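Only one structure is covered here, and it is reproduced in the block below.
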Amino acid sequence: MTSWFERLRGWLPSAKKPAEAHAQDKAVRELFKMRYWNFKSLLELNQRALNLMSEMELQIKSAQAFGMPFIRSRVTALSVVVYQIIELLEAVAPGRHGQLRQAFEHIQEAINNVLEAEPDVQPGPLAVPLENLAKEDFFRAGSKMAVLGEIKARLGMRVPDGFVFTAHAYQLFMSQNKLPERINQQLQSADLDDVEMLYEISHDLQALIIAAKLPEDVHKALESAAEHLEQLHGRGVRFAVRSSALGEDSMGLSFAGQYRTELNVPRSGLEQAYKNVIAGKYSARAIAYRYARGLRDEDVLMCVGVLVMLPAVIGGVVYSRDAGCLWADRVLINAAQGGAHQVVDGSVSPLEIVLVPQMGGWRPWQPDADAPANQETSGRKPVLTIKQAALLAEVSRKLEKTFGVPQDTEWAFDHREELFILQSRPMHPTAEHETSQTTATIHRPAPLVHGGVCASPGTACGPARMVSSPEDAALVCHGDVLILDNALPRWAALLDKVVAVVAERGGTASHLATVSREYGIPALFNVGLEIQGIHPGQNITVDAEELAVYAGCVESLLQAKTQARPNLMDNSPVQRTLRDVLNLTAPLTLLHPESPQFTPKSCATIHDIIRYCHEKAVQEMFTMGQGCGFQRLAGKRLENDVIMQWWFVDLGGGIRETAADTISLEDILSEPMRAVWEGITAVPWKGPPQPNVGGFLSVMAQTTMNRELGTCPEPFDTEQGNSVFLSKNFCNINCRIGYHLSVIQAFLGENPRENYIRFSFKGGATDHRRKLMRLQLIGGILETCNFLVTIRDDVLQAHLDGYEFFFLDKRLKTLGYLLMHTRQLDMVMTDQRQVDRIQAKVQKDIARLLA
């Protein structure tokens, strides 16, 4: 293979005249510098690429929320950096690594396939009547509407008539208005941890969707389905337009209250209501929820249900199990006069009833009192009768049996006292928590607040932050306790920051309570006017299970009741995407440079490509000065007391600027070169060891049989001298002494990951056995200094990577010492006494250098 310097000779005309020699001198120096700076840039980019991969690896191990913009930005940055690394390797070694680009493109294509994966939505009807749906249709109608279809068609329970706009309709609406590209562009640049920015981008994205035009096919499907419902229920019927997004109401993801619902919508307003509900996908609370739960925006397709409005007299939520204790055989009901929406949106303090089985029926469960659970203190008519409560308990358990898990069900009774099911989804158990001691023995101060309902268990302490507007929300800090008038769903956007929530009004079945339990956030609701005892900024301790708020941080209570916050990102779609990306970027399978498999074709990951480029660039630089013959033209000679001649080529910052053709030791600024030189001069060389007869005859025999040794060609010509290419942090030393050639290359900077040493030693004038014994002696010494050593034929190679500056600085001194003191040792390798004596002296000298 043609060497770099042979190609260099071809580029430059032969120089005979002084003016031509001067021009050649300058051209050679510039080529050396260009090659070095390309190499140095490659090292810097190599470090940047490793940092990007490390950042992604740290992110996947943490519980901190992140989204697809994080993954895409890192992948984009990594791709750009690796492309630049390949370009720089091509500049350092033109035409030698042609298959590298193909390997990179293959890996990049696989990464893009991971990032661009989207739900497979099959073409089909744009609107489907509710009675034509079953729970298996969640992929086209969303879980909420698919479950309602199952309840209506297969269980025979009353469900309002209606239809659903499918995922296909959503994709048609979004694609025809080119919304995904515009939305992704805005989300990519948004800092979702910044509450103020979150509200701003939410406003912009919702406005974008609301202003979009409904496709003609979707409009026709809407008109046809609405006309059918008007024929059934009469002109002027009103509708409830509700979200039914893919993933909503699924196991582990409630999305409770995160999307929009439009009530009392006339037929003429259905088109606008449809767009409003789709726009609700980008409400601040919905964006924050998806971000905290690790959900990909592109995976959430917004199906929309349209139901006939029910003239509800009583409404609410029934849990088929107690939310705070799923194993207990209890049913929990929250009820309020009017529609169920008042209960779930936290705007009222609902009546709470707990029922337990008794003799084939149900009875109220009152652990602390004998008074009827459903009777208002004013003596007015009960909100819910025992008969109605028992019916709700039976229905909730039937739904639990049908769907296989405890159910959270919205319901309503109309004026004829007929029960309608409005929604049913899996319940979300509270986060596990541990108590280190009996809390009854813990001393507590007098509470600021006592009472209310435990919406989510746990204990936490932090400064009180009153929030009643988006402006207040922008001021919320990590670690605050959220203080609210009403437990509204909109404040779920803040749950990823706060440690607890206290609300004047709201119940355990509200959407905010459901999301608080998902997040493992202690929540105390319905505390009433006692909330006025809490002052803004005051440090408080919330003990939700004991229905108490205390002034200050009650450390004994916090230590006794340790809350295990769930890792919301664990196995989430975003985390799985990052894991798939890391599988294509981070593993290192290209391990051994000497292996025949160390080729571009074997690169299976981005890390492999980075490793390959780094190793090949170092190898190219390692042969930088071998046989170039340009030292006297392009370099400056060192004036020194050592018998060898040294020629220096400055690649930038390695030598103090001077117009002279010679330099002194004081002119050398290169850190690694100064370390090597200190090793060279640390212990004066006392000449070669006295050879025995066998060693002398071996030299004579080899000189006679090996024509190259006899003629001593240019690479080993001591008159030619030793070449050094250097900069402030780099040196490449080609040292030729007699029949030996040593090469040292090192980079020493502030970043340990970039630092390395390469060393090669070859040659000798004796037979192969003696040369091998000398290499084994040198190799053993280097291994005690942490080098990794390989010996092949008559060549020793050693390397050391990734250490701090001071550590490698001392190892370079060792190599400088070995350059001077291992010459001609091969002549005495069969004399064990001399070998032992030399080895002891070398080890003693090196120990002094490393001290």
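The values are calculated or read from the model by the stated rules, or taken from the named source; none is laboratory data. Just so it is clear, the model here is predicted, and its values are computed rather than measured. Using ideal geometry, Cβ is built from the backbone for each residue, glycine included, and neighbour counts are taken over all protein chains shown. What goes into the accessible areas is simple: the full protein's heavy atoms, side chains included, and nothing from ligands, DNA or RNA. Shrake-Rupley method; radii C 1.70, N 1.55, O 1.52, S 1.80 Å.
The share of accessible area on the stretch 558-612 that comes from carbon and sulfur is 51 percent, using a 1.4 angstrom probe. Rolling a 1.4 Å probe over the heavy atoms of the protein chains gives the stretch 67-175 an accessible area of 42 Å² per residue.
Looking at the square roots a ≥ b ≥ c of the eigenvalues of the Cα gyration tensor of the stretch 724-763, which shape do they give, rounded for a/c under 1.5, prolate if a/b is larger than b/c, or oblate? It is oblate, given that a/c is not under 1.5 and a/b is not larger than b/c. Each eigenvalue of the Cα gyration tensor of the stretch 135-257, multiplied by 5 and square-rooted, gives one semi-axis; in descending order these are 30, 20, 14 Å. Computed over protein heavy atoms with a 1.4 angstrom probe, the accessible surface ordering of TYR199, TYR612, largest first, is TYR199, TYR612. Given +1 at the Cβ of Lys and Arg, -1 at the Cβ of Asp and Glu and no other charges, the dipole of the stretch 455-523 around its Cα centre is 140 debye to the nearest 20. Sorting 526-532, 768-774 by average packing, meaning the other beta carbons within 10 Å per residue, from highest down gives 768-774, 526-532.
Simple rule: put +1 on each Lys or Arg Cβ and -1 on each Asp or Glu Cβ in the stretch 467-534, find the dipole, and look at ILE521, SER468, GLN532; the Cα lying farthest toward the positive end is ILE521.
The charge dipole of the stretch 63-196, taken about its Cα centre with unit charges on the Cβ atoms of Lys, Arg (+1), Asp and Glu (-1) only, comes to about 320 debye. The fraction of all Cα pairs in the stretch 135-205 landing in successive 10 Å bins from 0 to the largest distance is 17, 29, 25, 21, 7, given as whole percents. Past 24 Å, Cα to Cα: identify those pairs from LYS144/LYS281; LYS61/LYS135; LYS728/LYS771; LYS636/LYS771; LYS178/LYS220; LYS40/LYS636, in the order given. The answer is LYS61/LYS135; LYS728/LYS771; LYS636/LYS771. Summing charges over neighbours of GLN597, with a neighbour being any other residue whose Cβ is under 15 Å away from its Cβ, gives 0 when K and R count +1 and D and E count -1. The fraction of Cα-Cα pairs per 10 angstrom bin, counted from 0 for the stretch 486-540, comes to 24, 56, 20 percent, rounded to whole percents. Applied to the stretch 197-213, the Karplus parametrisation 6.51 cos²θ - 1.76 cosθ + 1.60 on θ = phi - 60° returns per-residue 3J(HN,Hα) values of 5, 4, 5, 5, 5, 4, 4, 5, 5, 5, 5, 4, 6, 5, 7, 6, 8 Hz, with x for Gly and Pro.
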